[in-house]
Amino acid sequence: MTRVRLMRLTNQGLAAVDAAFLDGTPQRLPDDPSFAVPLREPGILSRANVSVDVPGDHRLGPEDDARVAVLLHRTLPIRRAIATDDRFWAWLAVCEYAPLLRRRWRGTERSPNRQRFVGKLTDNGLSRLWWAAELTAGADGIDEASLAALLSSQYRTDRLLSMATLRHAPVLKGLLDAIGDDTRWQVLNAVCQRVGVLSTTYAVPAMTRPEARAFVSRVYEGVVSEGGFARASDDGPTR
């Protein structure tokens, strides 16, 4: 097992993630105390296996996200308190996983999006996958069907991961059950808005998966019945 002291990127480290770095020069940021500092709890988080083995060197695509998310989650047994630190994910992205991220997000004529390396939790290419796996996991492990459903569109992933109400696996899984393969971003946005409002009077975080499925199904049916949404699925507004 690779032994690595977990770190977080400094402002100087962030500044070093420039156009040249995104293009692969250097392949990773060097181990330099001006670029990264240890986490505040090194005694608890002093070891991790930071290797995700995705065979080959071919470009990865959205169809690989669920598989990589499972591998990433298994090899990073970290607490949620650490996983909410975007500077931790930035360090992992530029010092340990940069080649993997370039395989996933390098365009044919442009550099990878910088936000996939050092962006907020829903933008960072590692944190979004880890959290997707974390929030679809349970006593029996990761629910891979729910994970694939969560990652089925960029907008769905961003919208659902950003909702505090859905940071409970049974609730998130129940919502995914209720909306099924409807990836219309306007529908999802309306459902999330109503669930957010209703959660102020209903104990949504305490619901079981069947309870959440039934609850969100009623919300979803109400939204769809109002009409006015495009029929085709799409990935939401670009950012």
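The values are calculated or read from the model by the stated rules, or taken from the named source; none is laboratory data. Note that the coordinates shown come from a computational prediction; the quantities given were computed from them, not determined experimentally. Methodologically, a virtual Cβ is constructed for each residue, glycine included, from the backbone with ideal geometry; neighbour enumeration extends over all protein chains shown.
Observations
- Answer residue from region 1-13, given it is modelled with pLDDT of 95 or more and surrounded by fewer than 18 Cβ atoms within 10 Å (Cβ to Cβ) and is nearest to the chain's Cα centre (by Cα) among those: 11
- Verdict on residue 89 being modelled with pLDDT of 95 or more, surrounded by 20 or more Cβ atoms within 10 Å (Cβ to Cβ) and in contact with a His (Cβ under 6 Å, 6 or more places away or on another chain): no
- Residues in region 154-184 that are of a type outside the set (Ser, Thr, Tyr), assigned to a helix (DSSP H, G or I) and surrounded by fewer than 21 Cβ atoms within 10 Å (Cβ to Cβ): 154, 158, 159, 161, 164, 169, 170, 177, 178.
- Condition broken by residue 139, with the remaining ones in (1) surrounded by fewer than 16 Cβ atoms within 10 Å (Cβ to Cβ); (2) touching a helix residue (DSSP H, G or I) at 6+ places or on another chain (Cβ under 9 Å) satisfied: (2)
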